[in-house]
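Presented below is the structure to which this report refers.
The values are calculated or read from the model by the stated rules, or taken from the named source; none is laboratory data. The model shown is predicted, which means the values in this text are computed figures rather than measured ones. Counting neighbours? That spans all protein chains shown, and the Cβs are built from the backbone with ideal geometry, glycine included. The accessibility values were calculated without ligands, DNA or RNA, using every heavy atom of the protein model including side chains. Shrake-Rupley method; radii C 1.70, N 1.55, O 1.52, S 1.80 Å.
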Amino acid sequence: MSSYVCANCGFESNKWIGKCPACNEWNSFKEVSRIIGKKNSKSISQNISLTKLAISPISEIVVDSEARIKTGINEFDCVLGGGIVPGMVILLGGEPGTGKSTLMLQLAKMLSLKDKKILYVSGEESSQQIKIRSDRLNTNSENILLMCCNQIEQIEPTVKEHAPDLLIVDSIQSVYSSVIDSYQGSVTQLRECSNYLTKLAKNNNIPTIIIGHVTKDGVVAGPKTIEHMVDTVLYFESDKSGFHKILRTSKNRFGSTNEIGIFEMTSNGLNEAPNPSMTFISTNEMRSGDVISCISEGSRNFFIEIQALLNDTNYGNAQRVAVGYEQKKLAMILAVIEKNTGIPLGNNDVFINIIGGLKIKDSAIDLAVVASIFSGFSDIALSKNSVFIGEVGLNGEVRTASNINSRINESLKLGFKEVVLSKNSNIDSKFKNKVKMIKDISELFKLYF
Ligand code: TYD
Ligand code: MG
């Protein structure tokens, strides 16, 4: 029996349709054969062999915390929550050209130095191409086994024969299963192949990393459909300059999902950022409109620089543009400033930019955004030694941020002299004379401008 599946979004139909009702794509329906149970088979309950499964009280299950494999790439381990867990399946998504293959080859090298065997299955590049990259990265090792193939069923015999400690599949879009009658890279193939790899990983207890491409416009028709099958989903992104690469967790059954790892792409491959928390702070002089804040991502804090530019509006409506900060949040902040301080911003274009191309969700940067608007408006530059942390409410009140003590601690450790935060923050007494506590944004204005 066959059915028709949209190659673009995976919508299924019993008959061929010209235009997909789900994603509006034309001519995207392909015939696939459906695997169904044998005719006249007995009812399911009669088919299942009723072997007794071992059960045990949860209190008696022992977890081997040492079992995690440390890869030796700290930023990678940190993002995974402390290393690779046996049998774990990781999906590594990212746009073509971000450096996924490079990262995996370097990971393979680090593990090979620890006498681990790695099976690198590539469906995208020939062994020569990988060898050239490997020479460039200096990752030649007997422990890295290379297999160039596209048919997924060929992986299992190799895994059985060589028993690798890690399996890497580059990429899920380039492999196909001969069981499914659908073309390589289609949604049905992606699902089938991921299913196959997940089973292989769980049955043999081999950690597996699956690389998946994400298209430029962020439509993740491919990897999104398989996210639920894997244990951990990582996304690898470039910042605007392309120099910094950010590794992010979007799902993790074995750790926190807020972790980020930062790498730099050099001519010899990816290096871990030497001082990740300061990566996004420029060394330039502070000018009016520049403010530093501290965001908390997972177990780490990062410092970011916010810029505001205020111009007189020349053409009709005032422009309000935020890059890296939520547009609606900016409109709200401007309204709060006008209401609570009386500063007229109606005839100003306001542009907010987060340096380094980061998109910030942490609301603790509100205070820094307000400070940068004040600074841009009054044309007074702030000191490079101050960090502004806090959320701003609709009445102009400054609210405390999460993990405030760790943020203060990190700020002082990195040489900042003063942290400006909410009066209601519950801070350690040892930080008392290093912080400036304020009630609301008009107090901020009086203090600094
Ligand atoms: P690659 O790992 O092939 O990306 P992906 O697998 O995600 O598609 O890396 C692609 C980019 O990285 C490519 O534009 C070249 C650059 N690169 C370097 O700058 N230095 C290096 O040492 C290597 C290997 C790649
Ligand atoms: Mg690649």
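When we screen S127, S56 for residues that are farther than 30 Å from S241 by Cα, within 16 Å of ligand 1 (Cβ to nearest atom) and free of Cβ contacts under 8 Å to residues at least 60 places away in the same chain, the only hit is S127.
Taking the range 223-238, which residues are open to solvent by 10 Å² or more (accessible area, probe 1.4 Å) and over 20 Å from I73 (Cα atoms)? K224, T225, E227, H228, M229, listed by residue number. Scanning the range 79-113 for residues that are outside any loop (DSSP other than H, G, I, E, B) and of a type in the set (D, E, K, R) turns up K100, K109. Answer with yes or no whether G87 is more than 16 Å from ligand 1 (Cβ to nearest atom), modelled with pLDDT under 95 and on the phi > 0 side of the Ramachandran plot. In short, yes.
When D349, D366 are checked against the criterion of being among the charged types (D, E, K, R), free of Cβ contacts under 8 Å to residues at least 60 places away in the same chain and surrounded by 24 or more Cβ atoms within 10 Å (Cβ to Cβ), a single residue qualifies: D366.
Scan the range 90-108 for residues that are under 23 Å from K160 (Cα atoms) and within 12 Å of ligand 1 (Cβ to nearest atom) and report the count. Counting residues in the range 90-108 that are under 23 Å from K160 (Cα atoms) and within 12 Å of ligand 1 (Cβ to nearest atom) gives 3.
A residue that is surrounded by fewer than 16 Cβ atoms within 10 Å (Cβ to Cβ), without any contact (Cβ under 8 Å) to a residue 24 or more places away in the chain and either more than 22 Å from S28 (Cα to Cα) or in contact with a helix residue (DSSP H, G or I) (Cβ under 7 Å, 6 or more places away or on another chain) (or both) can be found somewhere in the range 148-155. Do we have A308 as touching a residue at least 60 places away in the same chain (Cβ under 8 Å) and over 17 Å from G390 (Cα atoms) here? Criteria met by A308. Within the range 6-17, residues that are among the aliphatic types (A, V, I, L, M) sit with their Cβ atoms under 6 Å from residues that are at pLDDT 70 or above and open to solvent by 20 Å² or more (accessible area, probe 1.4 Å), at 6+ positions apart or across chains, in these pairs: A7/K30. Where strands (runs of 3 or more DSSP E) fall entirely within the range 249-313, those with at least 2 residues that are open to solvent by 60 Å² or more (accessible area, probe 1.4 Å), on the phi < 0 side of the Ramachandran plot and more than 16 Å from ligand 1 (Cβ to nearest atom) are at 300-312.
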